[in-house]
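A.B. asks: Just passing along the structure, written as structure tokens.
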Amino acid sequence: MPISAPGASRGFTPPHKCGFTLLELLVVLLIIGLFAGLVATITRPDERALLRLEAERLAQLLDLATVESRLTGRPVAWTADAARYQFWRWREDAGWIEAQDDALRARSLPPGMAISDLRIETMRPPGSMRLEFAPDGSLAYEFQMSLGAARYSVAASPLGEVRIHEPQ
């Protein structure tokens, strides 16, 4: 009966393989890189999707301004430059006051996005981009929003319905 020390191996055994080969590591890194690229592409919205989201948000805010004007009996205004827009409320004692601390607060557009080409009742207004929503009537208007090659129009009908569509 052979006697051996505890933990000693019997006979000759080749050294155990420790770690991974360079080829195995490169394959794993390639798979991880492809997966990360796929996830980044899927989760980051393209220009058209980002522009549509902003156009829909602005259309809802313009609709809200119209409704607020009708409910309060006081005018509400919207002004914009190429990369920013804000809402104003009319107060008898102070005139036009910038809306703050609520849904109609001033907002900046994402980098590269712009608002342009405002038309009120199919005519270009003189001066800056400004809409005034009166409590007793609806206003038909349209303007363009752009980001890169993507374009959307935000338009309100004479009945007050605000919608977005791709320009023709």
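Where a number appears in this text, it was derived from the coordinates with a stated rule and is not lab data. All values reported here derive from a predicted model rather than from experimental measurement. Glycine gets a Cβ as well: all are built from the backbone with ideal geometry, and neighbour counts include every protein chain shown.
A.B. asks: With a cap of 15 neighbouring Cβ atoms within 10 Å, and only residues DSSP puts in a loop, list the trypsin sites (Lys or Arg not before Pro) found in the range 37-124. Please report the intermediate quantities before stating the final value.
C.D. replies: Numbers: sites: R48, R52, R57, R70, R84, R89, R91, R105, R107, R119; in loops: R105.
Passing both the DSSP loop test and the Cβ count: R105.
A.B. asks: Between 0 and 90 degrees, rounded to the nearest ten: what's the tilt of helix 47-72 against the longest Cα principal axis of the chain?
C.D. replies: Helix 47-72 and the main axis of the chain meet at about 40 degrees.
A.B. asks: For the pair A106 and A36, what calculated FRET efficiency results from E = 1/(1 + (r/R0)^6), where r is the Cβ-Cβ distance and R0 = 25 Å, to the nearest 0.05? Can you show the working numbers first?
C.D. replies: Details: r = 37 Å, r/R0 = 1.47.
For R0 = 25 Å, the calculated efficiency reads 0.10.
A.B. asks: Work out how far the C-alpha atoms of the chain reach from end to end along every principal axis, then list the three figures in whole Å, largest first.
C.D. replies: The principal-axis extents, from largest down, are 109, 38, 25 Å.
A.B. asks: Relative contact order (percent) for the range 31-97, with alpha-carbon contacts under 8 angstrom and 6 or more residues of separation?
C.D. replies: Working: 35 pairs, mean separation 10.0, N = 67.
Reported relative contact order: 15 percent.
A.B. asks: Whose amide H sits under 5 Å from the amide H of A99, counting only residues 5 or more places off or on another chain, with H placed in the peptide plane?
C.D. replies: Correct list: F87, W88, R89.
A.B. asks: How high is the relative contact order of the chain, in percent, with contacts defined as C-alpha pairs under 8 Å that are six or more residues apart? Walk me through the numbers before you get to the answer.
C.D. replies: Numbers: 248 pairs, mean separation 34.5, N = 168.
With pairs under 8 Å counted, the relative contact order is 21 percent.
A.B. asks: Let me ask another. Which whole-Hz couplings ³J(HN,Hα) result when phi for each residue of the range 132-148 is put into the Karplus expression 6.51 cos²θ - 1.76 cosθ + 1.60, θ = phi - 60°, listed in order with x for Gly and Pro?
C.D. replies: Couplings: 10, 9, 8, x, 9, x, 9, 10, 8, 8, 7, 8, 9, 10, 9, 8, x Hz.
A.B. asks: Does anyone have the angle between helix 22-43 and the longest principal axis of the chain? Alpha-carbon axes, 0 to 90°, nearest 10?
C.D. replies: 20
A.B. asks: Hey, another quick one. For E98 paired with E47, estimate the spin-label separation in nm (one decimal), with each label point 7 Å from Cα along the Cα-to-Cβ line.
C.D. replies: 3.0
A.B. asks: Next question. Going toward the positive end of the dipole of the chain, with +1 on Lys and Arg Cβ and -1 on Asp and Glu Cβ, which of L38, G73, P111 do you reach last?
C.D. replies: Value: L38.
A.B. asks: Turning to a different aspect of this structure: Please return the longest stretch of the chain lacking exposed loop sites, where chymotrypsin sites (Phe, Trp or Tyr not before Pro) count only if DSSP places them in a loop and at most 16 other Cβ atoms lie within 10 Å. Don't jump to the answer; show the numbers that get you there.
C.D. replies: Working: sites that count: F12, F20.
Here the longest segment lacking exposed loop sites spans 21-168.
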